[in-house]
Amino acid sequence: MKYTLRQLEVFLATARSENITRAAEDLSMSQSSASGALRDLESQFDVQLFDRMGKRLQLNELGRLIRLRVASLLDEARELEGALARHAEVGHVKVGATLTIGNYLAVPIMAQFMAENDNANVSLEVANTRTIGQKVADFELDVGLVEGELHSPELEVTPWRGDNLVVFCAPDHPFARKSQLTDEDLLSATWILRESGSGTRQTFDRAMHGLVPDMDVLLELQHTEAIKRAVTTGMGVGCLSEVALRDAFDRGSLVHLPVPHRDLSRRFYFILHRQKYRSAGIERWLELCREKG
């Protein structure tokens, strides 16, 4: 492209004022810079756009012919500039979160994100780790907050915060009177667990290595609240994030069962596509998550 937007701005300002000095003042330029820009525009196309009459510059026929088109082009350029500038502001962020994070951690972060940014909005999709990872990889989500580890060359996986799984039962369950569970207890229990593909189940299976094939799993459920209700009714023993169980422990509707010889710790992670542009909204969302973590 032979012309610049600055050259066109000088042309239009000169056409309005018919004076290069006033045009330069309108554009906050030096007179020499404005004169040079107009001269370069004409010389690049070997044309003359003004008739010179002393200090007055009056549009000639060619100048009048292109004036409206130049004005229209500059208007579009300003609209584009505004759109790019607005992109630097916090806007809509599409977040995916696994069930524990989505149900117990993400909502307060969403509330603060939207409260501090008038035009901001967050859409939250809750699913298991595998599903969230796939949607981030397919650019259907901007950022994922997950409980399980993912290994994909397309995804950037960054540790966020720590978490612990907790084994629990109903207050009237025989295990409720135990100070801690042994491996024999773990094998004799009837279990209500999260489904395969979830981060919670991934951590549970890793923590229970050597026992899993012989464990009695009665139900595999996708929702933490369903597992809590099933355990409350005495159907079996569960294992979920301590984040999801605090209120129930405080109320006494569920009982924490220590398993000190099994490592039930884990981490939550951010996941983003390696090729994803990190807008101001994405960066602010991640910053808020770190603050809350």
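No value in this document is a laboratory result; all are computed from the given coordinates. Because the structure is a prediction, the values reported are computed rather than measured. Using ideal geometry, Cβ is built from the backbone for each residue, glycine included, and neighbour counts are taken over all protein chains shown.
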(message) Debye calculation, C-alpha points only, no solvent: report log10 I(q)/I(0) for region 167-293 at q = 0.13, 0.19 Å⁻¹, in the same order as the q values.
(response) -0.60, -1.04
(request) May I ask what percent, to the nearest 5, of DSSP beta bridges between residues of the chain are antiparallel? (result) 60
(request) Starting with the fewest neighbours, write out THR21, THR203, THR129 ranked by other beta-carbon atoms found within 10 Å of each beta-carbon. (result) THR21, THR203, THR129
(message) Cut-off 10 angstrom, C-alpha nodes, Gaussian network model of the chain. Which of ASP138, ASP46, ASP75 fluctuates the most?
(response) ASP46
(request) Note down the magnitude of the dipole of region 164-266 about its Cα centre, charges +1 on Lys and Arg C-beta and -1 on Asp and Glu C-beta and zero elsewhere, to the nearest 20 debye. (result) 260
(request) Measure off 7 Å from each Cα along the Cα-to-Cβ vector at ARG267 and VAL212, then give the distance between these two points in nanometres to one decimal. (result) 2.0
(request) Report the equivalent ellipsoid semi-axes for the chain in whole Å, largest first, defined as the square roots of five times the eigenvalues of the gyration tensor built from alpha carbon atoms. (result) 68, 17, 13
(request) For ARG274 and GLN31, compute 0.36 nm times the residue count separating them, minus their Cα-Cα distance, and round to one decimal in nm. (result) 82.7 nm
(request) Go through LYS228/LYS276; LYS2/LYS135; LYS135/LYS292; LYS94/LYS228; LYS2/LYS94 and tell me which ones have a Cα-Cα distance over 32 Å in this structure. (result) LYS228/LYS276; LYS2/LYS135; LYS2/LYS94
(message) Shape verdict for region 123-164, please, from the Cα gyration tensor: rounded (a/c under 1.5), prolate (a/b greater than b/c) or oblate.
(response) oblate
(request) For each of ILE282, ILE192, count neighbouring Cβ atoms within 10 Å of the residue's Cβ, then give the residues from fewest to most. (result) ILE282, ILE192
(message) Can you list residues from other chains, or at least 5 along the same chain, whose modelled amide H is less than 5 Å from the amide H of THR190?
(response) VAL237
(request) Starting at the first residue of region 154-165, write each ³J(HN,Hα) from the Karplus equation 6.51 cos²θ - 1.76 cosθ + 1.60 with θ = phi - 60°, in whole Hz, x for Gly and Pro. (result) 7, 10, 9, 10, 10, x, 10, 8, x, 7, 9, 7
(message) I need the calculated FRET efficiency for the pair GLU195 and VAL107, taking r as the beta carbon distance and R₀ as 25 Å, to the nearest 0.05.
(response) 0.65
(message) Given Cα positions, please report Rg to Rh for region 5-87, the hydrodynamic radius being the Kirkwood one.
(response) 1.00
(request) Using only C-alpha atoms and all pairs of different ones, pull out the Kirkwood radius for region 235-280 in Å with one decimal. (result) 14.2
